[in-house]
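Below is one structure, written out as structure tokens; comments come after it.
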Amino acid sequence: MSVRTSATPTTSVTSITSVRKAVETAHRVSWVVLLALVTAEFFTDLPGPRWTTTLLPAGIVSVLLLTVLALQSRAAAPKGDPRDPVEVEPPVTGRWSALNSPADKTPSHGTHVYGQTYAVDIVVEPETGADEPPARPPFRFFWPVVRRNRDFPAFGVPLLAVADATVVRVSDGQRDHLSRNSLPAFVFLMLIEGNIRMVLGAHRIFGNHVVLDLGDGTYAAYAHVQRGSMKVKAGDTVRAGQQIGRVGNSGNSTEPHLHFQLMDHPDLDTARGIPFTWRGVGLPGGGETFSVGEQVAPV
């Protein structure tokens with residue numbers, strides 16, 4: 001795809017964006033209030049019956065939170081008839097398998113927010129054999145609770161630009177945490193860590209990430225990038241196949257992997273998802289293994 005300048009947003013689009021920003025703000029405020037009430041219950045002795053000081057307000061805020069989440073997801077859902085998938089180059093090379101794929105369901109991650117309607121997660125699945133890299137560690141119920149990132153073959157694998165594009169956003173600096181691929185660690189992620197990240201915003205969900213402007217109002221987002229591996233900055237132009245970073249385990253992630261999506265806006269809070277397909281690969285379904293040959297980026 002060639003790089004083209006997107007049209008200037010109209011007043012109506014700007015108004016819709018403002019409303020969606022307000023919903024996102026209400027979402028975060030609701031979480032903060034709920035967490036404050038729970039904390040107060042544990043650490044302070046509020047005057048009056050518990051049901052009036054903590055339980056009732058917490059229940060009201062919980063209902064408000066669920067309502068805001070529903071509105072947020074509805075606001076982020078694609079409008080009108082589904083558009084044709086945008087064909088781009090694969091963002092990686094090697095042998096991979098897909099998880100949470102839009103080939104199986106949409107929204108693929110259970111929500112439309114942050115432009116994730118058609119997002120896909122992929123992990124390295126090396127061939128087994130004496131001369132091959134270590135296999136991807138399986139999910140464990142109890143032990144080991146966590147693993148180091150270098151135990152996963154995806155960690156540090158190069159990420160490639162899927163088209164000729166302009167870099168519009170680069171977020172770096174978040175740590176690559178240990179894996180969450182055991183039952184205790186996964187529960188911690190879902191009940192505690194993930195909710196805290198939701199309060200802090202999309203950049204904490206996506207971790208280190210890159211957003212590329214592909215032209216025609218289409219943007220590509222790469223999430224969970226390895227800290228310090230960015231090879232581009234905002235304003236750079238890149239060619240299809242050019243390395244932009246490496247796979248990491250930052251943000252709301254259970255193990256080193258790539259979360260990839262196309263969307264209609266560079267702001268994750270207001271973006272809507274766009275369907276896509278990878279040239280030569282298509283769109284792999286969940287559990288489907290695929291291979292991509294080495295690409296040679298133009299100089």
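The values are calculated or read from the model by the stated rules, or taken from the named source; none is laboratory data. Just so it is clear, the structure is predicted and the values come from calculations on it, not from any experiment. Counting neighbours? That spans all protein chains shown, and the Cβs are built from the backbone with ideal geometry, glycine included. Side chains are part of the model used for accessible areas, which takes the heavy atoms of the whole protein and leaves out ligands, DNA and RNA. Shrake-Rupley method; radii C 1.70, N 1.55, O 1.52, S 1.80 Å.
Points worth noting:
- Answer from SER182, SER229 - the residue that is over 18 Å from the mean Cα position of the chain (by Cα), open to solvent by less than 20 Å² (accessible area, probe 1.4 Å) and farther than 18 Å from HIS112 by Cβ: SER182
- Residues in the stretch 164-179 that are open to solvent by less than 20 Å² (accessible area, probe 1.4 Å) and at positive phi: there are none.
- If the condition is being within 22 Å of ALA165 (Cα to Cα) and not in a helix (DSSP H, G or I), then the stretch 186-213 contributes GLY207, ASN208, HIS209, VAL210, VAL211, LEU212, ASP213.
- Among the residues of the stretch 251-263, none qualifies, meaning not one is closer than 20 Å to GLY156 by Cα and without any contact (Cβ under 8 Å) to a residue 40 or more places away in the chain.
- Flag if ASP269 is surrounded by fewer than 22 Cβ atoms within 10 Å (Cβ to Cβ) and either outside any loop (DSSP other than H, G, I, E, B) or without any contact (Cβ under 8 Å) to a residue 40 or more places away in the chain (or both): no
- Among the residues of the stretch 243-257, the ones that are open to solvent by 10 Å² or more (accessible area, probe 1.4 Å) and closer than 8 Å to SER179 by Cβ come to 2 in all.
- Members of the stretch 274-289 found to be touching a Phe, Trp or Tyr at 6+ places or on another chain (Cβ under 6 Å) and open to solvent by less than 10 Å² (accessible area, probe 1.4 Å), listed by number: PRO284
- Sole exception among (1) outside any loop (DSSP other than H, G, I, E, B); (2) open to solvent by 60 Å² or more (accessible area, probe 1.4 Å) for ALA234, by number: (1)
- Any hit, the stretch 128-143, residues being out of contact with any Leu (no Cβ under 8 Å at 6 or more places or on another chain), at pLDDT below 90 and open to solvent by less than 60 Å² (accessible area, probe 1.4 Å): yes
- Near pairs, Cβ below 6 angstrom, 6+ apart or cross-chain, from the stretch 216-227 (farther than 14 Å from SER171 by Cβ and at pLDDT 95 or above) to any residue that is assigned to a loop (DSSP other than H, G, I, E, B) and open to solvent by less than 10 Å² (accessible area, probe 1.4 Å): ALA220/VAL162
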